[in-house]
Each structure stands twice: as C-alpha cells, then as structure tokens.
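Just below is one structure, and these are the notes that go with it.
The values are calculated or read from the model by the stated rules, or taken from the named source; none is laboratory data. Only a predicted model underlies this, so the values are computations on that prediction, with no experimental measurement involved. Please note: Cβ atoms are built from the backbone with ideal geometry, for glycine as well, and neighbour counts cover all protein chains shown.
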Amino acid sequence: MITTSYIGKGFKKLIAGLVEICDPKTIVELGTQQGASAILMAKAMGEGHLYTYDLFEKRYPKPPYAPTRADFIMAQKNIAANKLQKKITIRKKDAFWAYKDFKKVDILHIDLCNYNENVRLVLSKWYTKVNKLILLEGGIINKWQREKRFKPFDRVLNMPFIKNNYEKIVIKKDNNYALTILIRK
C-alpha cells in the first residue's frame, strides 16, 4: 500500500469527499511522489481527468528542501495497478511551470515542499485558474520545520490575491499534520 505523509494520517476520506462533492472535470496535482494522492483523487472523481507533475529527481537542489520520495516508475506502476492510466496523466516537468498548460482547472492539489516561497510562487500563477478548490499539504508549523527554520506558508494565504478570492480552512490532525483548503469565493 502506498501512502503520503498526510493521507496516511487520516485525511484520505476528507480529500476523497471534497473531490466527490466538487465533481471536478480537471484536477492538477503538483508533486506526484509515488502517485498515492493522485490515485485517491482520481478514484473519487466522476468523469474527468487528473494531471500530476513532478521533477522525479533524486534530490532537490538546495536546503531547506528534503530528499524526494518521487519515483516515476513506481508512480506509473501504482497507477496501472489501480487501472487508472486513462484517467491520470503523469508529466515529468517542473511544477512551477505547469500553470502554462491550463486555462482553468477545478481542483489544484499542491503537495510540494510547501514552504513560504514555493507556495507564494505557485499560488501567484494559479489563483485565477482554479474554479473550486486548492488543497495544500500542511498549514501548521511542526517540529522538523521549526528545527530547520522553515518559513511556513500561512503568511502567503493572507496576501490579498488569495484572501480576496478564497476562503481558508486549516484542518489540523495533530502537531505534525494538517491540510489547508482554499475554497473559491
């Protein structure tokens, strides 16, 4: 069984339920890893298509990034094992440029190294393109982020371009895991 840091911590049903309620035609995920959340969302969506992006490199270029668990071959195998090859497209591409591939999407899932600058850059390109929801892994400062002096993305969510267009909900599982939901106003 494949999992991700936060879907494995109790957010699986919540994410699946949000996808079902929104009935998206297009979902974009930034940060594939091994495909767990892409598979979860694709199974929960009715008719539609999910595009997932990752660099699939062994390591990100510099701190504060962590080693990646992204694995292109494993993601393909996991998607095939779930018979979702026609519903999920994996793109080996820098997620920061994925916004150029779409005019509009219904749901954007951001599961990158979600620190302040990454989230600001991604949201500044995507916020006008998302019709329904933006899902972000995180939204709290946990122990390892404090230890590594990680800049959390909560300040970005209070910037006018987000605050004026989205309602924000942060669901905290415990002191280490959270899901941030941005709902289009």
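Filter segment 148-185 for residues that are of a type in the set (D, E, K, R) and modelled with pLDDT under 90 and give the result. Break it down into steps so the answer makes sense when it comes.
The initial filter retains those residues of segment 148-185 that are of a type in the set (D, E, K, R), namely 148-149, 151, 154-155, 163, 167-168, 172-174, 184-185.
Those that are of a type in the set (D, E, K, R) and modelled with pLDDT under 90: K148, R149, K151, D154, R155, K172, K173, D174.
All but one of (1) surrounded by 14 or more Cβ atoms within 10 Å (Cβ to Cβ); (2) closer than 28 Å to W97 by Cβ; (3) at pLDDT below 80 hold for I140; state the number of the condition that does not hold.
The one condition I140 does not meet is (2).
Residues checked against (1) at pLDDT below 85; (2) in a helix (DSSP H, G or I):
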site	(1), (2)
I15	no, yes
L50	no, no
A66	yes, no
R69	yes, no
A75	no, yes
I79	no, yes
L84	no, no
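Can you pull out every residue in segment 96-119 that is within 23 Å of K132 (Cβ to Cβ), of a type outside the set (V, I, T), touching a residue at least 40 places away in the same chain (Cβ under 8 Å) and surrounded by 15 or more Cβ atoms within 10 Å (Cβ to Cβ)?
If the condition is that a residue be within 23 Å of K132 (Cβ to Cβ), of a type outside the set (V, I, T), touching a residue at least 40 places away in the same chain (Cβ under 8 Å) and surrounded by 15 or more Cβ atoms within 10 Å (Cβ to Cβ), then A98, D106, L108, H109, D111, L112 are the ones that fit.
What's the total number of residues in segment 111-126 that are farther than 13 Å from D94 by Cα and among the β-branched types (V, I, T)?
Going through segment 111-126 one residue at a time, the tally reaches 1.
May I ask you to list pairs of residues, at least six apart or on different chains, whose Cβ atoms are under 6 Å apart, with the first in segment 156-185 being more than 24 Å from G10 (Cα to Cα) and surrounded by 15 or more Cβ atoms within 10 Å (Cβ to Cβ) and the second being modelled with pLDDT under 90 and not polar (S, T, N, Q)?
Sorted first by the residue in segment 156-185, then by its partner, the pairs are V156/V119; V156/R120.
Within segment 96-113, restricting attention to residues that are assigned to a loop (DSSP other than H, G, I, E, B) and within 13 Å of the chain's Cα centre (by Cα), which residue is modelled with the highest pLDDT?
Selected residue: D111.
I'd like the full set of residues that are surrounded by fewer than 20 Cβ atoms within 10 Å (Cβ to Cβ), outside any strand (DSSP E or B) and modelled with pLDDT under 95, limited to segment 86-95.
Listed by number, the residues that qualify are K93, D94.
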